[in-house]
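Only one structure is covered here, and it is reproduced in the block below.
The values are calculated or read from the model by the stated rules, or taken from the named source; none is laboratory data. Worth saying up front: this structure is predicted, and the values here are computed from it rather than measured. Glycine also receives a Cβ, built like all others from the backbone with ideal geometry; neighbour counts cover every protein chain displayed.
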Amino acid sequence: MYCKSSFTSKNYPRRTSLVKRYHLVFPGLIVLGLILAILMISAISRAHVAYAKSDNVRVYQSVQIMPDDTIWDLAVQYSLPDEDPRLLVNQIISLNHLEDTTIVEGSYLIIPVQKSWYDLHQPQV
């Protein structure tokens, strides 16, 4: 008894060979990888440009008090040209937990200093 199968090759979808699949998928993966690389590079460069163009960065510097130094003199010395030294005097008093503007020669004060991002990342010579 020979039974003819009702399933013929016409009923099944044609299988794509592995080589044909490779030729379809591989270019798609390359394009996807290139798109991701471009997006990452653009995001990094935008962040760097935005940070480089930003205003100065506030850093803190320890300064030893010399004879005849006053908080006002330090504020004038370390403030930006367009900055009111009175604001820096108040910040120095607050940062160092001083009760008034009296300072002692030889002691150290923490002073907020404005520096550009470029200056902070230059090698120290």
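Worth pointing out:
- Number of the exception - SER45 against (1) hydroxyl-bearing (Ser, Thr, Tyr); (2) in the same structural domain as LEU109 (by TED's automatic domain parsing); (3) modelled with pLDDT under 75: (2)
- The single residue among TYR60, TYR78 that is surrounded by 13 or more Cβ atoms within 10 Å (Cβ to Cβ), touching a residue at least 24 places away in the same chain (Cβ under 8 Å) and of a type in the set (Phe, Trp, Tyr) turns out to be TYR78.
- Of all residues in the stretch 48-57 being under 15 Å from VAL113 (Cβ atoms) and surrounded by 11 or more Cβ atoms within 10 Å (Cβ to Cβ), the one that is modelled with the lowest pLDDT: ASN56
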